[in-house]
Every structure is written in structure tokens, then in C-alpha cells.
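Q: I have a structure here, written as C-alpha cells, and I will follow up with some questions on it.
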Amino acid sequence: MEPVSLRIALRVWVVLVLLALFTPIVLIVVYAFGPSVVQTWPLRGFTWHWFDVAWHDPAVRQSFLLSVKVGVLAAAIALVLGSAVSYALHNFRFFGTEGISLLLVLPIALPGVITGVALNNFFGFTNIQLGVLTIVIGHATFCIVIVYNNLIARLRRTPRTLGEASMDLGARGWQTQLYVMFPQIAAALVAGALLAFALSFDEVIVTVFTAGANFTLPLWIFGQLRLGQQLPEVNAVVTIVIVLTIIPVLLAARIASAGAVARTARAAQVEGTAHR
């Protein structure tokens with residue numbers, strides 16, 4: 001058993017790490033409600049003014065809608081391609097399976113600068129004009145990894161006996177996939193799509209190299225911070241982005257936990273029916 005001093009030291013260390021991580025985020029949210037243009041402490045009052053300014057700023061609206069559009073498209077592409085490759089690598093064994101798995105993880109493992117420069121050079125070589133399409137392609141490269149990791153982990157935890165039991169009971173292949181396997185992986189698919197959208201929504205580095213003249217919301221924030229202008233409005237927008245990013249993450253976690261319970265119950269029901 002660990003000594004008391006070690007447990008206390010670990011708890012103190014955890015608290016310090018959490019403070020280092022979340023104190024800047026809390027300060028941004030607090031300053032978003034400050035009435036002053038200059039960030040001073042303590043605050044001299046409380047106001048929703050900067051949120052109203054951000055709401056009526058056409059540049060913020062356009063960049064926000066573009067971020068939502070790119071996030072939805074990138075998540076949809078990642079959902080299709082990520083689920084397809086997950087099924088292929090899980091159900092079939094062929095030469096190069098491990099290598100393909102490694103290549104799939106590389107876009108999110110490599111620094112974003114490398115991915116961004118590589119995509120920028122590719123689009124320039126193929127004469128593809130930078131725009132919404134290139135942003136979506138750039139985001140989809142790492143969003144696929146999120147869906148793939150979620151789904152392949154779920155498939156590996158799903159007993160193969162479920163499919164065998166379904167076939168023993170007379171189900172066709174497509175019926176087994178639709179009525180037996182799909183309910184087992186539905187939560188993983190939804191969670192992967194939500195996480196992919198959240199990752200795409202606040203992506204900066206890859207977007208810098210693929211956006212061209214377009215501005216997503218993170219790029220607008222980055223530009224305003226670099227120029228040092230409208231910092232209170234930036235704080236308000238960042239607060240909104242934090243909320244919008246946390247929501248899909250929480251939903252993904254909730255869906256994944258709820259899906260685990262439902263999946264266990266369905267597995268027990270199918271296997272019990274097969275043994276009758």
C-alpha cells in the first residue's frame with residue numbers, strides 16, 4: 001500500500017496539472033463578460049455586450065457557418081470511409097493489414113504542420129484551388145482516424161458468436177449486419193462522428209494551409225489575436241466555441257456509455273436464444 005505522503009503528493013500534483021490546463025480557459029470565459037476593452041483584474045462589472053457584438057458581426061457569422069459546414073462534411077466523409085476500412089480490417093486478413101492500420105493513424109500522429117504542408121503541396125501540384133473543398137479534404141484526413149479508432153475498438157469487443165448465432169437462426173448476411181451487428185456498433189459510429197465534428201470545428205494548423213482566402217471560426221480568432229484587435233469580442237467568440245466543442249464530446253461519452261449497457265443486454269439475449 002502506498003504511503004500517505006505519496007498519495008498526498010500525487011493529489012497535489014494532479015490539482016496543479018488541472019489548474020495549469022484549465023486556468024487560462026476559465027480566464028477567457030471570465031474576461032468575455034467584462035465591460036472593459038482592456039483586460040484588467042478584477043472585473044469592473046458584468047455584461048453581455050461582447051456576445052451581442054459577436055452575434056451581429058458578419059465576419060463571425062460567416063466564419064461560424066463555414067466551420068459548421070466543414071465539420072459536418074468532414075465528419076460525414078470520415079464516417080463512411082472510417083467505418084468501411086474498420087470493417088475491412090476487422091473481418092478480413094490479408095498481406096499488409098498492420099501497415100494499413102499504421103498508415104491510418106499517421107495523419108493524427110504526425111504534427112499538423114507536416115500534414116498541412118503536404119496537403120498544400122498536393123493541391124498545388126494538382127492545380128486544385130484552395131477553398132471549402134480542400135478544407136474538407138484536409139479535415140477528413142484526421143477525422144477518419146477518430147471514426148476508425150472508435151469503430152475498430154468496438155468491433156474487437158463484439159463477440160463473433162453474435163453473427164454466428166444469427167446465421168444459425170436463419171438470418172441472411174445483410175440481416176445479420178442490419179439487425180444484429182449494427183445495433184452493437186451504432187453508439188461507436190455516433191460517438192466517432194461527434195468527436196470528428198468537434199475536432200474539425202476547432203482545427204487551426206491544417207486549415208491554415210488548405211483554406212486559401214476562406215476563414216473558419218478558429219482562423220478568424222487567430223487573426224484577431226495576432227492583430228491584437230477586438231480582444232473582448234474574441235473572448236466572447238472563444239467562449240461560444242468552448243461550449244460548442246464540449247457539447248459533442250459530452251454527447252459522445254454519454255452515447256458510448258449508454259451503448260455499452262444496451263449492447264451487453266442484446267448480446268445476452270441473442271446468445272440465450274441461440275442456446276435454446
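Q: For residues that are open to solvent by 90 Å² or more (accessible area, probe 1.4 Å) and touching a residue at least 60 places away in the same chain (Cβ under 8 Å), tally how many sit in the stretch 39-48.
A: Matching residues across the stretch 39-48 total 0.
Q: For the stretch 174-193, what are the residues that are surrounded by fewer than 23 Cβ atoms within 10 Å (Cβ to Cβ) and within 13 Å of the chain's Cα centre (by Cα)?
A: Within the stretch 174-193, Leu189, Val190 qualify.
Q: Can you say whether Leu6 is within 30 Å of Val132 (Cβ to Cβ) and open to solvent by 60 Å² or more (accessible area, probe 1.4 Å), as far as the supplied structure shows?
A: So Leu6 fails the test.
Yes or no, residue by residue, for (1) open to solvent by less than 70 Å² (accessible area, probe 1.4 Å); (2) out of contact with any Gly (no Cβ under 9 Å at 6 or more places or on another chain); (3) modelled with pLDDT of 85 or more:
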position: Gly99; (1), (2), (3): yes, yes, no
position: Leu103; (1), (2), (3): no, yes, no
position: Leu106; (1), (2), (3): yes, yes, no
position: Phe122; (1), (2), (3): no, yes, yes
position: Gly131; (1), (2), (3): yes, no, yes
position: Cys143; (1), (2), (3): yes, no, yes
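Residues checked against (1) free of Cβ contacts under 8 Å to residues at least 24 places away in the same chain; (2) part of a helix (DSSP H, G or I); (3) within 17 Å of the chain's Cα centre (by Cα):
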residue	(1), (2), (3)
Arg93	yes, no, no
Leu130	no, no, no
Thr134	no, yes, no
Ala140	no, yes, yes
Ile144	no, yes, yes
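Q: I've got another one for you. Quick check on Ser101: is it in contact with a Pro (Cβ under 9 Å, 6 or more places away or on another chain) and of a type in the set (Gly, Ala, Ser)?
A: Against the criterion (in contact with a Pro (Cβ under 9 Å, 6 or more places away or on another chain) and of a type in the set (Gly, Ala, Ser)), Ser101 does not qualify.
Q: Ok, one more. Give me the pairs, please: first residue somewhere in the stretch 2-31 and charged (D, E, K, R), second residue anywhere and open to solvent by 90 Å² or more (accessible area, probe 1.4 Å), beta-carbon distance under 9 Å, and either six or more positions apart or on two chains.
A: As it stands, the answer is Glu2/Leu10, since those pairs meet every condition given.
Q: Here's a follow-up. From Ala84, Ala74, Ala78, which residue is among the aliphatic types (A, V, I, L, M) and without any contact (Cβ under 8 Å) to a residue 12 or more places away in the chain?
A: Result: Ala84 is the single residue among Ala84, Ala74, Ala78 that is among the aliphatic types (A, V, I, L, M) and without any contact (Cβ under 8 Å) to a residue 12 or more places away in the chain.
Q: With the checklist (1) at pLDDT 80 or above; (2) surrounded by fewer than 23 Cβ atoms within 10 Å (Cβ to Cβ); (3) not β-branched (Val, Ile, Thr) in hand, flag the one item Phe197 doesn't pass.
A: Against the list (1) at pLDDT 80 or above; (2) surrounded by fewer than 23 Cβ atoms within 10 Å (Cβ to Cβ); (3) not β-branched (Val, Ile, Thr), Phe197 comes up short only on (2).
Q: If you check Val117 against the conditions, is it at pLDDT below 85 and in a helix (DSSP H, G or I)?
A: No.
Q: Would you be able to say whether some residue in the stretch 19-34 is surrounded by 10 or more Cβ atoms within 10 Å (Cβ to Cβ), more than 30 Å from the chain's Cα centre (by Cα) and at pLDDT below 80?
A: The answer is yes, given that some residue of the stretch 19-34 is surrounded by 10 or more Cβ atoms within 10 Å (Cβ to Cβ), more than 30 Å from the chain's Cα centre (by Cα) and at pLDDT below 80.
Q: Also, I was wondering about something else. Please go through the stretch 151-169 and pick out each residue that is of a type in the set (Gly, Ala, Ser) and open to solvent by 60 Å² or more (accessible area, probe 1.4 Å).
A: Hits for the stretch 151-169: nothing passes.
Q: Identify, from the list Val208, Val241, the residue that is within 26 Å of Ala76 (Cβ to Cβ), under 15 Å from the mean Cα position of the chain (by Cα) and in contact (Cβ under 8 Å) with a residue 24 or more places away in the chain.
A: Val241
Q: In addition: Being open to solvent by 50 Å² or more (accessible area, probe 1.4 Å), under 30 Å from His49 (Cα atoms) and in contact with a helix residue (DSSP H, G or I) (Cβ under 7 Å, 6 or more places away or on another chain) is true for just one of Phe215, Phe222. Which residue is that?
A: Phe215
The values are calculated or read from the model by the stated rules, or taken from the named source; none is laboratory data. No experiment lies behind these values; they were computed from the predicted model shown. Positions of Cβ are backbone-derived with ideal geometry, glycine not excepted, and every protein chain shown enters the neighbour counts. The accessibility values were calculated without ligands, DNA or RNA, using every heavy atom of the protein model including side chains. Shrake-Rupley method; radii C 1.70, N 1.55, O 1.52, S 1.80 Å.
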